[in-house]
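The values are calculated or read from the model by the stated rules, or taken from the named source; none is laboratory data. Worth saying up front: this structure is predicted, and the values here are computed from it rather than measured. Reconstructed Cβ throughout: ideal geometry from the backbone, glycine too, with neighbour counts over all protein chains shown. For accessibility, only protein heavy atoms count, side chains too; no ligands or nucleic acids. Shrake-Rupley method; radii C 1.70, N 1.55, O 1.52, S 1.80 Å.
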Amino acid sequence: MTQVIEKIEEIVNPIPANQMELFPPTRFMGSKRKLLDFIWENVKGFKFNTVLDAFSGSGCVGYMFKTKGKRVFSNDILKYSYNIAKATIENNGVTLDEEDIVTLLGEKVKTDGFIRNTFKDLYFTEDENLLLEQIWHRIPFLSNDYKKALALSSLCRACVKKRPRGIFTYTGHRYDDGRKDIRTSLKQHFLNATDVFNKSIFSNQQDNSTSCGNIFNLQERKFDLIYVDPPYYSTRSDNDYLRRYHFVEGLCSYWKDVEIQHSTKTKKIKKYDTGFDSKTGVYDSFHNLFKMFPNSIFVVSYSSNSLPTKEEMIDILKQYRKTVEIKELDHKYSFGNQNHKIGDNRNDVKEYLFIAK
Ligand SMILES: C[S@@+](CC[C@H](N)C(=O)[O-])C[C@H]1O[C@@H](n2cnc3c(N)ncnc32)[C@H](O)[C@@H]1O
């Protein structure tokens, strides 16, 4: 009987069972990569086709839903996240070929020196900064938007991989522990990244789409299921994604539509207003979010050391949906992450999944 069911599932969803393994691994703060089975097991019984991953981050949850044959809409306020989702979720078949790589790394183009001047001695060497400028200026020569998203995602991935701890909250090389990733050249990281992104591309025969913006500005309302994984608010630590990823976020637009705070040592970008970075704001934001979509199933990830508390979240959701179920999992974040400091037993948190229908 099990074999028959598996066979039927295979016909309905011909995507290889191991497709998820091809999603580029990341250390993105708050990534649910290790919780994907937990999420899927708790929603797979529902009847749904369209899914909004409202806060896509690394993109792994949207990609997981794509592998399940769902029509995925992916959104994030960060261009860095948006490009990854466009390249791997919306894109059903385009890859970067050898000719594209030659275009990206080929003949030198004249650049403006912006990265070399602005970020001199902060994160990368002079030559590495020049390489970033060169590649960025060659991306427009690629023939379509998916190739451009793949190239930009690869460039960001190269920067994050080369950077000790993968973040831009500090300058210099304080956390250089000699790891292979840190010794590998930026150019090689870029080539590796194009390869891992290329390998992740597949079609699920759905018209998946991607948007970049504050979720509260999203116009589309009709989704069968909405996965909600916003920054977890805690009074003990900040949940500022931009502070950690400002360099790659700026790189996505070549710092054209952002404001660099020149007085800061890190030259970070002025904070985006997310709605999830103050105690009063976060409660209002959940209310506003749940109000926006009157007909969708909500699946909300949150953790035990954040606000709203479990009881408060149930109470909020009950104001908008008839039934609220809660699933719990003990989870240890491996990386010095939002709300979780390495070697601190506050690493051990319960990860909640609220399901409201
Ligand atoms: C916890 S992370 C999501 C992690 C993601 N589920 C994963 O597994 O990688 C939260 C994300 O929400 C995004 N974000 C924060 N405020 C937002 C807003 N108002 N609208 C859209 N995205 C927002 C952040 O940029 C960040 O990528």
Within the range 259-275, residues being surrounded by 19 or more Cβ atoms within 10 Å (Cβ to Cβ) and either touching a strand residue (DSSP E or B) at 6+ places or on another chain (Cβ under 6 Å) or part of a strand (DSSP E or B) (or both) number 2
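This table checks each residue for (1) under 20 Å from residue 170 (Cα atoms); (2) of a type outside the set (D, E, K, R).
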position	(1), (2)
240	yes, no
243	yes, no
247	yes, yes
259	yes, no
267	yes, no
270	yes, no
276	no, yes
292	no, yes
305	no, yes
If residue 102 satisfies every condition in (1) assigned to a loop (DSSP other than H, G, I, E, B); (2) away from the ligand (no atom under 14 Å from the Cβ); (3) open to solvent by 30 Å² or more (accessible area, probe 1.4 Å) but one, which is the exception? (1)
Restricting to the range 63-98, name every residue that is assigned to a helix (DSSP H, G or I), closer than 28 Å to residue 256 by Cα and either out of contact with any Leu (no Cβ under 7 Å at 6 or more places or on another chain) or within 14 Å of the ligand (Cβ to nearest atom) (or both). 79, 80, 81, 82, 83, 84, 85, 86, 88, 89, 90
When only residues in the range 235-283 that are of a type in the set (Asp, Glu) and within 14 Å of the ligand (Cβ to nearest atom) count, which is nearest to residue 218 (Cα to Cα)? 273
Report every pair of residues separated by at least 6 positions or lying on different chains whose Cβ atoms are under 7 Å apart, first residue within the range 51-75 and in contact (Cβ under 8 Å) with a residue 12 or more places away in the chain and open to solvent by less than 10 Å² (accessible area, probe 1.4 Å), second within 7 Å of the ligand (Cβ to nearest atom) and of a type in the set (A, V, I, L, M). 53/61; 54/215; 75/54; 75/215
Are any residues in the range 160-195 hydrophobic (A, V, I, L, M, F, W, C), open to solvent by less than 20 Å² (accessible area, probe 1.4 Å) and assigned to a helix (DSSP H, G or I), and if so, which ones? 182, 186, 190, 193
For residue 205, the lone unmet condition from (1) without any contact (Cβ under 8 Å) to a residue 40 or more places away in the chain; (2) open to solvent by 10 Å² or more (accessible area, probe 1.4 Å) is (1)
If the Cβ limit is 8 Å and pairs must be 6+ apart or interchain, which residue in the range 281-293 that is within 18 Å of residue 51 (Cα to Cα) and in a helix (DSSP H, G or I) pairs with which residue that is away from the ligand (no atom under 14 Å from the Cβ) and open to solvent by 50 Å² or more (accessible area, probe 1.4 Å)? 290/319; 290/320; 291/320; 292/221
